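Asker: I'd like to ask you about the structure that follows.
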Amino acid sequence: MNNGWRSFCLHAVIVALLAYMYIGLPEYHSGNFARIMVLAIYAMAYNVLFGYTGLLSLGHALFFSAGMYGLGLTIQQFGVTPLPGLLAGLLAALLVSAVIGALALRTTGVAFMIVTLMFAQAGYLTILLFGEYTRGDEGFVLQQSQRILFGIDLSQAQNRYYAALLLFSVCFIAIAFLVRSGFGKTLVAIRENEERARMLGYDIQRIKLYAIIISGVMSGLSGAAYALLFGYAGATFATVQYSIFPLLWVLLGGAGTTIGPLIGTVFMFYLVDFASEFTSAYMLITGVVLILLTMFAPHGLAGVLRKRVMPWLP
């Protein structure tokens, strides 16, 4: 079996396992996994930019919140149905990522990281400024009647889970194909040696911009899906914290691997959940575990799998 078929089988097994989990797990954990799958889309989006292209962004919460408010505000303010709302969220993320990408790519290295952080903070302050509509940190709730898509009530646990699974599966498989395509290999070439890729004739700036747009739109999809499936949009999701989270998920799971973002999201979600049962200082425990992991598994959990068990892991 060649590496392509191995990769396909691995991804198919993961999707099938997630589909079974709703039946096989208690309600509490199946509810958690619905949330995890939506956030894993966000982590996969971040991985396109950081793991495969080598660009460290601290402003991805701007793209996530653009999708979230693009959907939430169009439904809340204009009374549209979820499908046009979802399209509005994707369009908002597309426009924001294209503009921010074009501006941020005028810088490199640490400056790129700082500029993306500044844009994200500007986005957060903009949400607070228009608090009359966004409700600021308090946020707003989407009612059950506003979350019916194609006659399916997405406020119901089972429908919500399988909707999250459908979106996750599409993004998961799409990323698997992307990284094996010529474009994906070009991203890796830029990450490994940007100057050599430029000497080979690649338009580095244009390809990086495409990577930012792909990452931004997928982040926006995650944000829009979160608002639609869980019925809430708030400025908290535009804070620096939500730009740091996908970085941690990708680092823990394994940057530059297709399964790493999912592994990292699951691990950190349950690490916080488990630690919070024992102490209110759960972030201290979480921080210690994260430090140990970065010391002894610097390439992430999927990186360990790739090194010891699955050298073909994409």
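The values are calculated or read from the model by the stated rules, or taken from the named source; none is laboratory data. Everything numeric here is computed off the predicted structure, so don't read it as measured data. All Cβ positions, glycine included, derive from the backbone under ideal geometry; neighbour counts span all protein chains shown.
Asker: Could you check Y232 against (1) over 25 Å from L87 (Cβ atoms); (2) surrounded by fewer than 24 Cβ atoms within 10 Å (Cβ to Cβ); (3) over 11 Å from the mean Cα position of the chain (by Cα) and say which number it fails?
Answerer: Failed condition: (1).
Asker: Which count do you get for residues in the range 114-134 that are of a type outside the set (V, I, T) and surrounded by 17 or more Cβ atoms within 10 Å (Cβ to Cβ)?
Answerer: 6
Asker: Just give me the residues in the range 278-312 being among the polar types (S, T, N, Q), without any contact (Cβ under 8 Å) to a residue 24 or more places away in the chain and either touching a strand residue (DSSP E or B) at 6+ places or on another chain (Cβ under 6 Å) or surrounded by fewer than 17 Cβ atoms within 10 Å (Cβ to Cβ) (or both), in sequence order.
Answerer: Residues satisfying the conditions are T279, S280.
Asker: Can you name every residue in the range 61-88 that is more than 19 Å from L167 (Cα to Cα) and surrounded by 24 or more Cβ atoms within 10 Å (Cβ to Cβ)?
Answerer: A61, L62, I75
Asker: Take residues that are in contact with a strand residue (DSSP E or B) (Cβ under 6 Å, 6 or more places away or on another chain) and touching a residue at least 24 places away in the same chain (Cβ under 8 Å) and tell me which of the helices (runs of 4 or more DSSP H) falling wholly in the range 129-239 contain 1 or more.
Answerer: 204-230
Asker: Then there's this: Can you go through R160, R191, R147, R196 and tell me which one is surrounded by fewer than 17 Cβ atoms within 10 Å (Cβ to Cβ) and out of contact with any Cys (no Cβ under 7 Å at 6 or more places or on another chain)?
Answerer: R196
Asker: Looking at the range 104-123, can you tell me whether even one residue there is under 16 Å from Y232 (Cα atoms) and at pLDDT 95 or above?
Answerer: no
Asker: How do the pairs read when you match residues in the range 26-50 that are without any contact (Cβ under 8 Å) to a residue 24 or more places away in the chain with residues anywhere that are part of a helix (DSSP H, G or I), using Cβ under 8 Å and keeping only pairs 6 or more apart or on different chains?
Answerer: As it stands, the answer is H29/M21, since those pairs meet every condition given.
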